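Below: one structure, written as structure tokens.
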Amino acid sequence: MDFEKLHREQSGRILATLIRLLGDFDLAEEMLQEAYAVALQTWPAQGIPTNPPAWLVSTARHKAIDRLRRDERFASKQEEIAKTAEVSVSPFSEFEEDMFQDDPLRLIFTCCHPALALESQVALTLRTVCGITTEEISSAFLTPPATMAQRLVRAKRKIRDAGIPYRIPSQESLASRLDAVLLVVYLIFNEGYLASRGSALIRSDLCAEAIRLARVLCQLLPQYAETQALLGLMLLQDSRRDARINTAGDLILLDEQDRRLWHGDQIQEGSQLTEQALRRGYAGAYALQAAIAAVHANAKTAKETDWGQIVGLYDLLLRHQPSPIIEVNRAIAMAMAGPIEKGLGLLDELESREELREFYLLPAARADLLRRLSRKAEAVVAYRKALSLCTNRIERRFLSRRLTELGAAGVR
């Protein structure tokens, strides 16, 4: 049994179910770790259960009940736990499987309760639903890890003390909580599309889960164009997954990818969803990003990419959602639309921004533009800076390869 694969692909759903059953984030996390320890001891000798996630849920829950019986909290918790349906070691029934499938969505809405600050909502969901580490979340938010850890502790305490319910809200209140939920789903996708750490560039399990959650949201809220736009955006981006890495495991940039490997069905569906959202008069952040992705996805060759249209879409996006990272992407688009020097100048100005100090894609983009201009010495400096900030092994290997091509030594 590949425990690492099980943990990577199922821990979010297992933990979401345990939080529903136990009503306590910290207890659920701790008991899941104990269940993993029991599995490591017993599965090799007794065999792998028919439904490993169900076995882990059941084991963790029973351990939690044993813990609470020895704890003064049991008196206040036992009625709640007694109401919880017994989780069987045997495979889930159809009803239980449906609950297990939707537990991540329930947990997302719990984490995205308006009683919590928006950043806390997003961070807590990424930590609990996706199992993304505090360090990885802090990197995504450009926030020190210690600050992020404190934010997570306060968010869990707020949910516990305020008695925030673990459920999908009613239709009347669903819409008011949608912005935070959509942001969370997109950040889940982003971590899967470009893993912040580790040996894999892509975590297809996170991408697939984000797309599944977006489809559920579209079913719950068919009248809201932004849900369609987000689903379209993720489908368009995910359509390129098989072309982003070669057989040797090396990163391939967009303009060098074999477009025959792109998934045409996802491009078609994503483009249609994006057009539908825009035709309904919705031009929010997800719709504009989806429109940019659609321009890339529908260009038959890299040379046919309409960079002028992409710049215009980034201009609209910046007015709608100002962001230093969007400014970086706009500068790159400006460079590709030409002349390169104009975009490079914009990137040079952005280097002084404090919030971009740890954003390795900024020096990486500068390095690429300098390389295209044959300014090799400056490109080497920029690639080395990007390498010092990058934490993903595949991307580090790509940056090292670029340095080697320029006649400089890289650090692996």
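Axis angle, to the nearest 10 degrees, between helix 94-111 and the longest C-alpha principal axis of the chain: 60 degrees.
What distance in nm lies between label points placed 7 Å from Cα along the C-beta direction at A45 and A299? With each label placed 7 Å out from Cα toward Cβ, I get 6.0 nm.
Residues whose amide H comes within less than 5 Å of that of I245, counting only those at least five positions distant or on another chain, are I252 (H built at 1.01 Å from N in the peptide plane). Each residue of segment 224-235 was assigned a 3J(HN,Hα) from its phi angle through the Karplus expression (A = 6.51, B = -1.76, C = 1.60, θ = phi - 60°), giving 9, 5, 5, 5, 5, 5, 5, 4, x, 4, 5, 4 Hz with x at Gly and Pro. Here the 3J(HN,Hα) profile of segment 305-321, calculated from phi with Karplus coefficients 6.51, -1.76 and 1.60 at θ = phi - 60°, is 4, 8, 5, x, 5, 5, 4, x, 5, 5, 4, 5, 5, 5, 5, 7, 9 Hz, Gly and Pro shown as x. Only lysine pairs 8 or more places apart or on separate chains count here, and in the chain those with Cα atoms under 26 Å apart total 14. For the pair I325 and E119 in one chain, pulling the backbone fully straight at 0.36 nm per residue adds 72.5 nm over the alpha carbon distance.
For the pair T391 and N246, a Förster radius of 22 Å applied to the C-beta separation gives a FRET efficiency near 0.55, rounded to the nearest 0.05. Note that segment 102-174 presents 43 Å² accessible area per residue, ligands and nucleic acids not counted, probe 1.4 Å.
Out of the trypsin sites (Lys or Arg not before Pro) in segment 289-329, which ones are loop residues according to DSSP with at most 12 other C-beta atoms within 10 Å?
K300
Helix-only arithmetic for the chain: the sum of -39500 (n - 2.57) across DSSP H runs with n ≥ 4, divided by the residue total, places the mean residue ellipticity at 222 nm at -22500 deg cm²/dmol. Rounded to the nearest Hz, the phi-derived 3J(HN,Hα) couplings of segment 351-358 under the Karplus curve 6.51 cos²θ - 1.76 cosθ + 1.60 (θ = phi - 60°) are 4, 7, 6, 4, 6, 9, 4, 9, where x marks glycine and proline. Sorting 279-285, 331-337 by their mean Cβ neighbour count within 10 Å, with the most densely packed peptide first, gives 331-337, 279-285. A Gaussian network model of the chain, with springs between Cα atoms under 10 Å, assigns the largest mean-square fluctuation among A162, A208, A290 to A162. Helix 178-193 and the longest principal axis of the Cα set of the chain meet at an angle near 70°. Inter-part distance, segment 353-384 to segment 204-268, computed on C-alpha centroids, equals 27 Å.
How long is the gain from E135 to I340 if the chain were fully straight, where each residue apart is worth 0.36 nm and the alpha carbon distance is subtracted?
Taking E135 through I340 to full extension adds about 70.3 nm, to one decimal.
How long is the gain from K5 to A162 if the chain were fully straight, where each residue apart is worth 0.36 nm and the alpha carbon distance is subtracted? Extra length available between K5 and A162 comes to 53.0 nm.
Taking a probe of 1.4 Å, how large is the accessible area per residue of segment 227-365, in Å²?
Ligands and nucleic acids excluded, the result is 48 Å² per residue.
When you filter the GluC sites (Glu not before Pro) in segment 338-412 for DSSP loop state and at most 16 other Cβ atoms inside 10 Å of their Cβ, you are left with E351, E358. Here segment 237-354 is treated with +1 on each Lys and Arg Cβ and -1 on each Asp and Glu Cβ, and its dipole about the Cα centre works out to around 400 debye.
When a 1.4 Å probe is rolled over the protein heavy atoms, the share of accessible surface on the chain that falls to carbon and sulfur comes to 50 percent. For the chain, averaging the sequence separation of C-alpha pairs within contact (under 8 Å, six or more residues apart) and dividing by the residue count gives a relative contact order of 11 percent.
Model label sites at S352 and L254, defined 7 Å from Cα along the beta-carbon direction, differ in position by 2.8 nm.
The values are calculated or read from the model by the stated rules, or taken from the named source; none is laboratory data. From a predicted model like this one, the values you see are computed outputs, not experimental measurements. Glycine gets a Cβ as well: all are built from the backbone with ideal geometry, and neighbour counts include every protein chain shown. Heads up: the accessible areas ignore ligands, DNA and RNA and are worked out on the full protein's heavy atoms, side chains in. Shrake-Rupley method; radii C 1.70, N 1.55, O 1.52, S 1.80 Å.
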